[in-house]
Structure formats: C-alpha cells, structure tokens
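**Q** Pasting a structure here, questions to come.
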Amino acid sequence: MRSNSLTRRHFVLGATGFTSLALAGCVSAPAPAPMPASPPKPRIDPVALGYGPVLDEPFPIPAARIDRVDPKYYRQEVDDPTGEAPGTVVVDTPARFLYHVMPGGRAMRYGVGIGRDGFAWGGRAIIAYKRKWPRWTPPADMIGRQPELEKYRYGMEPGLNNPLGARALYIHKDGKDTLYRLHGSGEEWTIGKAVSSGCVRLLSQDIIHLHDRVRDGSPIHVIQ
C-alpha cells in the first residue's frame, strides 16, 4: 500500500511539474537583470591640457570642448616622424596630423581637420606670412558655388564666427598664393575629419600655439 501510495504521489507530482514546464514554455523568459550602469567617464580638464579659455584676445575664446575630440588629436610633443629640418611644418593629410619640427628629433603634433575630396592641395611651399584675427575673403569659385557668400566678396570682419578664426597662416608656392591656409576653428567636432573647402583647420588654442612658433618663410610640406 505504501509503495502504491508513493508511486501515485510521484506520478501526481511529476505530472504537475511537467504541466508547469509545459506552461513555462509558452511564457516569455523573464527579462535579464539590468546590467550595472557604466561608471561615468572621467572629466577632462581643458585647462590642464592647454585648451582653457583665452581671455586676453580682442575676441575672448571660450575653453575648447575637447570631449568632442579624439584624444589622439590633442596637442603633444612627440618623436619627429617626418625627417624634415627643424622649423618645417608638415601636414600628414591621411593621418589628420600637423607636425612642427623641432630640434633634437622632436616635433609638436596637432590634430587637424582637412579639405573634402576635390578641395585639397598638396606639395611643398612656404608659409609666406601670418595674421592675427584675419579677414576672410571667399574665393570667386566658392561664391559661385554658394551665392549666399556674395556679401563677403570683399572680406568678412574678424571674430569668433569668421571661418579663419583667431589666426591664419598663408601658403605661397613659387611666389603665388595657393589659397591654402592653416587656420583656427571653434568647431571641435571637425578635428580629425575631412569637411573643409581645402584649408587645414586646428582648434583655436592650437592655431595660436602654432602661430607663435612658426616664422614667416618657413617651409611647409603637405602630404596627400
């Protein structure tokens, strides 16, 4: 009797368990436990990296939003990979880097934004001269593509909204203006990208740093 009772009981329990499993197969699996939140990214101090506000300018420059820039494009001193003479500026277009060659096999490296396909220049030339807070004059062919720029045919006043930014370095080859510039930009998201109409753009703090170290007449090599 006891044996029959246990057998009957096991059958009932087994049937109940089977029914439970069968029902469970018709129900969505419970949602997995939420993953713990990722720890917040450490705060980047723009001042410590040399990208703080620049207030002693005719148009005060705010701190750069370097959280929008890949850290590899932050300004830094590196071993010189170019083999060029000290004082030379080298733009490595594919890598989006600009090097200012220093003595002792070192170079200052800056991240840059470059020209879109079809709006790029390459070769060897010189930095004929430099300007602080330059006027911007769009080339005639640019005005042809963008008629709304006609109002700037004779130049746009300096300022934070001027496309050349706080500084510009003007590139000449064989005594002629290439219309190619190294200049500042407040659009941090463009560093490391190909977005401009041919010129090389640097963060505002970087172009000021470069401007103060490059002499008129310095050689420049733009690698495409």
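The values are calculated or read from the model by the stated rules, or taken from the named source; none is laboratory data. It should be emphasised that the depicted structure is a prediction, and the values quoted were computed from it without experimental measurement. Heads up, the Cβs are rebuilt from the backbone with ideal geometry, glycines too, and the neighbour counts pull from every protein chain shown.
**Q** Testing residue 154 on (1) without any contact (Cβ under 8 Å) to a residue 24 or more places away in the chain; (2) assigned to a strand (DSSP E or B), one condition comes back false. Which one is that?
**A** Answer for residue 154: the failing condition is (2).
**Q** Just wondering, is there one or more residues in the range 159-168 that are part of a strand (DSSP E or B), in contact with a Lys or Arg (Cβ under 7 Å, 6 or more places away or on another chain) and not hydroxyl-bearing (Ser, Thr, Tyr)? Show your work before the answer.
**A** If we filter the range 159-168 for residues that are part of a strand (DSSP E or B), which is where we start, we get 167-168.
Applying the additional criterion that residues be in contact with a Lys or Arg (Cβ under 7 Å, 6 or more places away or on another chain) yields 167-168.
Now narrow it down to the ones that are not hydroxyl-bearing (Ser, Thr, Tyr): 167-168.
Looking through the range 159-168, at least one residue is part of a strand (DSSP E or B), in contact with a Lys or Arg (Cβ under 7 Å, 6 or more places away or on another chain) and not hydroxyl-bearing (Ser, Thr, Tyr).
**Q** Here is a follow-up. Among the residues that make up the range 91-110, is at least one of them among the polar types (S, T, N, Q) and over 20 Å from residue 197 (Cβ atoms)? Working first, answer last.
**A** Of the residues in the range 91-110, the ones among the polar types (S, T, N, Q) are 93.
Those left that are additionally over 20 Å from residue 197 (Cβ atoms): none.
Within the range 91-110, not a single residue is among the polar types (S, T, N, Q) and over 20 Å from residue 197 (Cβ atoms).
**Q** Out of 131, 201, 135, 124, which single residue is basic (Lys, Arg), surrounded by 18 or more Cβ atoms within 10 Å (Cβ to Cβ) and on the phi < 0 side of the Ramachandran plot? Show your work before the answer.
**A** Values: 131 fails: surrounded by 18 or more Cβ atoms within 10 Å (Cβ to Cβ); 135 fails: surrounded by 18 or more Cβ atoms within 10 Å (Cβ to Cβ); 124 fails: surrounded by 18 or more Cβ atoms within 10 Å (Cβ to Cβ).
Result of the check over 131, 201, 135, 124: 201.
**Q** Determine whether residue 151 is within 21 Å of residue 207 (Cβ to Cβ) and basic (Lys, Arg). Give the derivation first.
**A** Details: within 21 Å of residue 207 (Cβ to Cβ): no; basic (Lys, Arg): yes.
Considered against the rule, which asks whether it is within 21 Å of residue 207 (Cβ to Cβ) and basic (Lys, Arg), residue 151 comes out as no.
**Q** While we're here: Just to be sure, is residue 141 under 17 Å from residue 216 (Cβ atoms) and of a type in the set (Asp, Glu)?
**A** Considered against the rule, which asks whether it is under 17 Å from residue 216 (Cβ atoms) and of a type in the set (Asp, Glu), residue 141 comes out as no.
**Q** Hey, another quick one. Got a sec? Which strands (runs of 3 or more DSSP E) wholly within the range 1-120 have at least 3 residues that are modelled with pLDDT of 50 or more, crowded, with 18+ Cβ neighbours inside 10 Å and out of contact with any His (no Cβ under 9 Å at 6 or more places or on another chain)?
**A** In the range 1-120, 97-102 are the strands (runs of 3 or more DSSP E) which contain 3 or more residues that are modelled with pLDDT of 50 or more, crowded, with 18+ Cβ neighbours inside 10 Å and out of contact with any His (no Cβ under 9 Å at 6 or more places or on another chain).
**Q** Of the conditions (1) surrounded by fewer than 20 Cβ atoms within 10 Å (Cβ to Cβ); (2) assigned to a strand (DSSP E or B); (3) of a type outside the set (S, T, N, Q); (4) at pLDDT 95 or above, residue 192 satisfies every one except a single condition; which number is it?
**A** Condition not satisfied by residue 192: (2).
**Q** Being hydrophobic (A, V, I, L, M, F, W, C), in contact with a Cys (Cβ under 9 Å, 6 or more places away or on another chain), surrounded by 19 or more Cβ atoms within 10 Å (Cβ to Cβ) and in a strand (DSSP E or B): is that true of residue 182 here?
**A** yes
Yes or no, residue by residue, for (1) closer than 20 Å to residue 204 by Cα; (2) surrounded by 12 or more Cβ atoms within 10 Å (Cβ to Cβ):
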site	(1), (2)
143	no, yes
156	yes, yes
162	yes, yes
175	no, no
